[in-house]
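Note sheet for the following structure.
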């Protein structure tokens, strides 16, 4: 995407303006029970290692992350929300809403309120259009409205003025930016004096996901990507140690989803099950979304919902309640879900490839389980939590940052056993 554009704002003036526009919220913002300095909560740093499957931690390639789990809080895994894809789940992590509730229902989607418009990751104009994001309020917006400082190092939605608010500090996504530069920038933010230091910050690494897609989750390339991500975490920990912040930052290291190995020949070809002239395939892969052409609804649904091996298609209104999906207008009329290891396509199979990797599957699939590790003054040592849904992370972070949470789908009690006692 070219050179990263660093956006530095006058944080003090911005917070004054935000507080003037929402005085009651700012004055009534709660004081965190985990305050450590000048009455302010310890900073919260949310680190996403995209595509880090929960069981990757057992491969022995990530000693820094493993040590944090042993010295802090680990888990059997964090279940993504459906579909287990990147943008829907990154937005769930910072809003506590299921994709069906916050509106980022897939990496590619349409909205009947904007005929002809398409949201897709390769379209920067669409990705930065507030229209798509304002079905929920991310934590950085709520934090700033309540007098806090927020900074984001690459997070879906953070380049967009959601409800008119951008983070105090943010960077335009640049996949070419070295991990070391990302880490050092975040360390520079956290090293500021209280009041200018972010109360909430994010950090993002994409390499594990990229290697998993291209080569499959069991490939040497994923192993190398895991080592690179762990080295970046090690650099972060060393920097926090030098700054005297190692035990004064609440660090959350998570992933948005896992990864499943896929044989390219394991394709379910939608255009061979229904007439391609009768339907628009909005998205494909582990999950497919199909909108029949007007007047073809019953015909397409009957054809696609016929029994098949390794997958199923159904009207969105018939999706299992456990998926929390299908009510939003952006969800296509027909949703198809493949079994792990299989995928839907309308454009032929992946040609000339060996094993690849995919996600997007039912969150109950073991391969979709995501990483969760927490360490810092708010957390006990040596705790391992059972698997939990990723909607639960938002109310925890709101509590740690010391703000009133927005309405959300999470369970604030999930982490009670992992938090240090409060006098």
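Taken together, the values in this text are just the output of simple stated rules run on the coordinates, not laboratory data. Quick caveat, the model's predicted, so the values are computed rather than measured. Counting neighbours? That spans all protein chains shown, and the Cβs are built from the backbone with ideal geometry, glycine included.
Assorted remarks:
- Here the calculated FRET efficiency for residue 347 and residue 411, from their Cβ-Cβ distance with R0 = 35 Å, stands at 0.30, rounded to the nearest 0.05.
- The stretch between residue 366 and residue 117, if pulled fully straight at 0.36 nm per residue, gains 86.2 nm over its current Cα-Cα span.
- Under 19 Å from the residue 248 label point (7 Å along Cα→beta-carbon), backbone N, segment 65-85: none
- Cα-based shape type of segment 264-353, given that a ≥ b ≥ c are square roots of the gyration tensor eigenvalues and the cut on a/c is 1.5: oblate
- For the chain, the longest principal axis of the alpha carbon atoms and the long axis of helix 11-21 meet at an angle near 70°.
- Debye log10 I(q)/I(0) at q = 0.11, 0.19, 0.21 Å⁻¹ for segment 138-262, Cα point scatterers: -0.43, -1.11, -1.25
- For the pair residue 228 and residue 55 in one chain, pulling the backbone fully straight at 0.36 nm per residue adds 60.6 nm over the alpha carbon distance.
- With both labels modelled 7 Å from their Cα along Cα-to-Cβ, the residue 76 to residue 181 distance reads 4.2 nm.
- Mean residue ellipticity (222 nm) of the chain, computed from DSSP H runs ≥ 4 via -39,500 (n - 2.57), nearest 500: -7500 deg cm²/dmol
- Label-to-label distance, nm, for residues given as residue 315 and residue 380 (7 Å Cα→Cβ offset): 4.8 nm
- Linear extension gain, residue 67 paired with residue 420, 0.36 nm per residue minus alpha-carbon span: 125.2 nm
- Approximate shape of segment 243-309 as ellipsoid semi-axes (Cα gyration tensor, √5λ), whole Å, largest first: 43, 16, 9
- Values (i) 183; (ii) 145; (iii) 137 are given for comparison; volume of the Cα convex hull per residue in Å³, derived from the coordinates here, is the one labelled (iii).
- Nearest 10 degrees, 0 to 90: helix 179-190 Cα axis against the chain principal axis: 40 degrees
- Projecting label points 7 angstrom from Cα along Cα→Cβ for residue 329 and residue 271 puts them 3.0 nm apart.
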